[in-house]
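Let me begin by presenting the structure, written as structure tokens, before commenting on it.
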Amino acid sequence: MSNSKTLTKIRLTLFAVSILFLTAGAPRAQIDSVKKKRLQSPATVKGFVGGESHDSYLIRARKNQTLKVRISWVGGGDRKAQFVISKSDDFFAGDLLEGGSETYDGKTQTRKIPSTGDYYIYVTAYPTAKYTLKVTVK
């Protein structure tokens, strides 16, 4: 992996972690009022997000199934879109799903589902991005 790709990966990871830590300590008066769009596998959704906003998706999965999420976006330069998978219905709670693997570029995550239930996918971008999200549960 080239130094520039490594540096970009580190920057994106630090950006995502800092957002989660900053929002995790936010006052509980801050409530996630973004409507969660329910998905059924397989799903492909397109959206536009940026700034301090996020898009929210909900998918149901059973224990031991595999959840795969892939994101792509339009534009180059500093435009970046990303997502997190959570068990929490509150974006600001920062309760990430454990386990699974992530590709070197951070565009795909594959997670083994630890328990039957609803899972939330939160999409953010910097500064803004038109994105395509593909979600499958098998």
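The values are calculated or read from the model by the stated rules, or taken from the named source; none is laboratory data. Keep in mind that what you see is a predicted model, and the values were worked out from it rather than measured. Quick reminder, even Gly has a Cβ in these numbers, built from the backbone with ideal geometry, and neighbours come from all protein chains shown.
Counting only strands (runs of 3 or more DSSP E) that sit completely within the stretch 10-104, those holding 3 or more residues that are modelled with pLDDT of 90 or more correspond to 43-50, 55-61, 66-73. Residue 74 meets all of the listed conditions (1) β-branched (Val, Ile, Thr); (2) within 11 Å of residue 128 (Cβ to Cβ); (3) in contact (Cβ under 8 Å) with a residue 60 or more places away in the chain but one, namely (3). Restricting attention to the stretch 43-77, the residues being among the β-branched types (Val, Ile, Thr) and surrounded by 15 or more Cβ atoms within 10 Å (Cβ to Cβ) number 5.
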